[in-house]
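The values are calculated or read from the model by the stated rules, or taken from the named source; none is laboratory data. Bear in mind the structure is a predicted one, so any value in this text is a computation, not a measurement. Because the Cβ atoms are built from the backbone with ideal geometry, glycine has one as well, and the counts that use them run over all protein chains shown. The area values use the complete protein model at the heavy-atom level, side chains included, leaving out ligands, DNA and RNA. Shrake-Rupley method; radii C 1.70, N 1.55, O 1.52, S 1.80 Å.
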Amino acid sequence: MKTVSLPIAYVPLVDAAPLIVARELGFAEAEGLDLDLVAAPSWSSVRDWLAFGRVDAAHLLSPVPVAMALGLGGVQTTVSAVSVLSVNGNVIGVSRSLEERLRGIGHGFRLDDPVAAADDLAQVVGAELNVGVPFPFSMHSELLRYWAEASGLSKIRLRVRTVPPPLMARALAEGEIDAFCVGEPWGSVAVDTGAGALVLAGAAIWGFAPEKVLAVRTDWAETEPHLLSRLMRATWKAGHWLGQPESLVTASEILSRPKYLDLSPELIDRALSGHLIATGQGEHRELENFLVFDKGAASFPWRSQAQWIGQRIAARQGLDRATAADRAAVVFRTDLYRQHLSGFGVDIPGASQKVEGSIRERTAVASASGRVILEANPFFDGAIFDPDAP
């Protein structure tokens, strides 16, 4: 098999691991691919590099292809999310000043109690809260806004601004923002540098949220199906390897290398293991499903997840929500996932959408081999999203 070089954009985050591991451990090489991983300084760079052909695929925020399908962001290229690279993995953090005020009213920095975190923050922040997120169209933004709207923060004015992930801790320390929602390891960097503390994990807001996707230009997917198939197999194998507990030490070492995240393996292991340090006082928190690559059909691009994202964006942008949901659904390519991963040992769910927020405990569902068990996916406020409902 002739080896083909594929340029792929990514942002240095722990959840870029499937692409990095696919390259470093030979999963891509076994498929005849040389993954040329190109680190990007921002999510807008990733989007633009993919749209304009500098790269063939990308580690991308799950809402970005949806926003593009809705005509938002100024880039018209049609992009497809062919698989989910990671589920969950975000944290919400606050400045040292807010940390001290929260500690003053007895806040416990549990990271898994959205109601208490919102109620306590509402007591100490005043009339508004300046929050940094990595990109306007991101799961960080959607989870943050959803949590604020449905909690004790609903009367607090959120001023949301864009800050690249590696700059989040510095922006917090310098007072440019009061709080953030960011992917690991950059929340932990804020804790370790004394810039602030963590108050909540994104998984506590929505139990199984698609965070990053493997995105390609739709026309490339149609003209290069064999390359796409090889890429999807390589990243799936890497994600499956990452899902094994015995892989975490090696994965942390690989991601820590200077050419990738250039941070200590210990810091990266926190996200991979779900063992976070919430504050500078060393308060440890163990979180189930903090960051997921494999279990619960994590890589499957559920259309209902795209529809939830589409309706959320549409409501904020003044667009028709039903139309947005329809356009979003075709962006998460369950058809390509089935086409390229069937017969490869991947147990694929029988359905392409589900009622989001309705699964309260691990649940077996119909699948190709009958082995898929979905993880709980509740929204913190008990709401559900039925894509078939009006």
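So which residues in region 88-109 are open to solvent by less than 20 Å² (accessible area, probe 1.4 Å) and either part of a strand (DSSP E or B) or of a type in the set (S, T, N, Q) (or both)?
The answer is Asn88, Asn90, Val91, Ile92, Gly93, Val94, Ser95.
Restrict the check to region 170-177 and report whether at least one residue is crowded, with 24+ Cβ neighbours inside 10 Å, touching a Gly at 6+ places or on another chain (Cβ under 9 Å) and small (Gly, Ala, Ser).
no
Out of (1) under 21 Å from Glu29 (Cα atoms); (2) of a type in the set (D, E, K, R); (3) exposed (fewer than 15 other Cβ atoms within 10 Å of the Cβ), the odd one out for Arg233 is which?
Condition not satisfied by Arg233: (3).
For Val115, which of the numbered conditions (1) open to solvent by less than 30 Å² (accessible area, probe 1.4 Å); (2) of a type in the set (A, V, I, L, M); (3) assigned to a helix (DSSP H, G or I); (4) over 19 Å from Glu176 (Cβ atoms) fails to hold?
Val115 satisfies every listed condition except (1).
Being crowded, with 21+ Cβ neighbours inside 10 Å, farther than 15 Å from Trp43 by Cα and in contact (Cβ under 8 Å) with a residue 12 or more places away in the chain is true for just one of Leu143, Leu158. Which residue is that?
Answer to the check: Leu143.
Among (1) touching a Gly at 6+ places or on another chain (Cβ under 7 Å); (2) in a strand (DSSP E or B), which single condition is Phe137 missing?
(2)
Every residue in region 194-225 that is touching a Gly at 6+ places or on another chain (Cβ under 9 Å) and either surrounded by fewer than 21 Cβ atoms within 10 Å (Cβ to Cβ) or assigned to a loop (DSSP other than H, G, I, E, B) (or both), please.
Selection gives Gly194, Ala195, Gly207, Phe208, Ala209, Trp220.
Sort out for me the helices (runs of 4 or more DSSP H) sitting completely within region 291-353 that have 2 or more residues that are in contact (Cβ under 8 Å) with a residue 24 or more places away in the chain and within 17 Å of the chain's Cα centre (by Cα).
Those helices (runs of 4 or more DSSP H) span 303-317.
Does any residue of region 270-290 turn out to be of a type outside the set (A, V, I, L, M, F, W, C), more than 30 Å from Asp119 (Cβ to Cβ) and either in contact with a Leu (Cβ under 9 Å, 6 or more places away or on another chain) or open to solvent by less than 50 Å² (accessible area, probe 1.4 Å) (or both)?
Looking for residues that are of a type outside the set (A, V, I, L, M, F, W, C), more than 30 Å from Asp119 (Cβ to Cβ) and either in contact with a Leu (Cβ under 9 Å, 6 or more places away or on another chain) or open to solvent by less than 50 Å² (accessible area, probe 1.4 Å) (or both), one finds none in region 270-290, hence no.
Let me spell it out: the conditions are (1) open to solvent by 20 Å² or more (accessible area, probe 1.4 Å); (2) in a loop (DSSP other than H, G, I, E, B); (3) touching a helix residue (DSSP H, G or I) at 6+ places or on another chain (Cβ under 6 Å), and Val55 meets all of them except one. Which number is the exception?
Checking Val55 against (1) open to solvent by 20 Å² or more (accessible area, probe 1.4 Å); (2) in a loop (DSSP other than H, G, I, E, B); (3) touching a helix residue (DSSP H, G or I) at 6+ places or on another chain (Cβ under 6 Å), the one that fails is (1).
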